[in-house]
Amino acid sequence: MASKLEELGKQFRTDNIVKNTYQNGEGNEYGAKHPNAKANGDNKGKGTGNFLDTYNGGSINDELGSSNEPGSGRIANVAKNKYSAEKPYETPTTSDNNNQFRAK
């Protein structure tokens, strides 16, 4: 015999599945290629539909940043980065240190 909580849970689940707009029966199954999953400027989706494409994905806020946070967003942060493929990070040289640091 099911408890009152189980009965309420089953009814709640049934009522809410009806509200799901991504039902298979309507041909609107949610997946990687669904319009609401793709990053297309509407701030809903984050993906591109291409496997592991993390560079081009994200919402408009991920790309351009939030108006409440100046300088946020991928484009602003890439512009601030002083290292790039043309100017990669290099390990600093220590040849001129002249024994300034001695291990104990």
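FYI, it's all coordinate maths here, none of it is from the lab. From a predicted model like this one, the values you see are computed outputs, not experimental measurements. Heads up, the Cβs are rebuilt from the backbone with ideal geometry, glycines too, and the neighbour counts pull from every protein chain shown.
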Multiply the residue gap between E90 and D15 by 0.36 nm, knock off their C-alpha separation, and tell me the result in nm, one decimal place.
21.1 nm
What net charge is computed for the residues neighbouring G73, neighbours being all others with C-beta under 9 Å from the C-beta of G73, Lys and Arg scored +1, Asp and Glu -1?
-2
Lys pairs in the stretch 28-85, Cα-Cα under 24 Å, at least 8 apart or on separate chains: how many?
4
